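Read through the structure below, which is laid out as structure tokens, and then see the notes.
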Amino acid sequence: MEGVIILKRITILFLCCCILLLTGCMKVVKEKQIYDVASQVQISEPAEPKEAKVPEETDDSTESDASQEKSTGEEKHPVEEIEEELTLTTAFQETIEEQLLNEVPLTAPEEFKTIRSKLYYLALGDSLTRGVGDEERKSGYTERLVEKIEASSDITEVILDNRGKRGRKSDQLLELLKKGHYDTEIQNAELITLTIGGNDIMKVVKKDLFELKRDMFDEELSDFKKRYDQILREIRMENPDVPIIMIGLYNPFSVITDEITEFESIIADWNETIENTSLKYENACFVDIQDLFDQNANLVYHSDFFHPNGYGYTIMTERIVSMMKSCQITDSSEGLIFSE
């Protein structure tokens, strides 16, 4: 559709240039012809004769010539003939213009909206959104996602607004949203990504590190589920259509031990909660990254053994792009951000 619109515009631009060129040429020709005819008239015009006696008697031949000249009618001035010819040419030109406009309709103002150039991207969340651990200093997955969008879509510029903060928990983000802290940003956003929940789990871990029980995580999960849904509601209240990419959690303790512990199933339950919440909202997509950070076979962790390193954020971004294609995420102009 956008290719047809661009082709129409090129055709209209070409036709306008042709019409302007034709008009200019006709004007030059008209001026030159008028000048030439005027010169000829001036040259051929006889000088004033000296006074001479006009014979009183007129012969029959003179009267006959005069009557014939009168019956033939007055001849048109050469300049008038040129002007009449140019008037006909102008009328022909206008007819062509009208015909071309009928054949190639102008693009309606609404169609211009489908040609996208910029996209405002709002990133909300915790240290993963902030990009902690990224030795390449690309703000984690956010700047990498910007590069992917600009390279793989018809969006030429992505404006990134990164509001991630290290250590942020779901209750803190929800409180900010309720206070309207990000209202303007959300209203203007054409894409939102969200990472939240990792610090909620770590709160339980830090609370009683040596006597952790499954019930403690399940109880926290119940509250997290309500908060996460409220976060999505707050966003949708300000912007009903913006695409929301909801990025899941991973088990950072897998780097310490190769054994599959109960903590893996805890992370899986939390991810299932995030995914089920995403299914309640239109144009929302869950991205599972848990398998990307199992153990550390691919050296995806930073030296703190908790956050991803540059490579970890790179494969995380690739997973996000893959899921955005699978979910057929569209922006505010109802066009796919990524096409298959």
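Read-outs throughout are calculated quantities, based only on the coordinates presented, and are distinct from any laboratory measurement. Bear in mind that the values here come from a model prediction, so they are computed numbers and not experimental data. For neighbour counting, all protein chains shown are included, and Cβ atoms are generated from backbone atoms with ideal geometry for every residue, glycine included.
The alpha carbons of segment 165-227 occupy a box of 46, 22, 20 Å along the principal axes, longest dimension given first.
Residues T273, T129 in ascending order of nearby Cβ atoms (within 10 Å, fewest first): T273, T129. With θ taken as phi - 60° and the Karplus curve 6.51 cos²θ - 1.76 cosθ + 1.60 applied, the whole-hertz 3J(HN,Hα) list for segment 186-200 is 5, 4, 8, 5, 10, 7, 10, 10, 9, 10, 7, x, x, 6, 5 Hz, x standing for glycine and proline.
Using only the Cα atoms of segment 117-327, what semi-axes does the equivalent ellipsoid have when each is the square root of 5 times a gyration tensor eigenvalue? Give whole Å, largest first. Spell out each step's value before the answer.
On the way: eigenvalues 142, 89, 42 Å².
In descending order, the three semi-axes are 27, 21, 15 Å.
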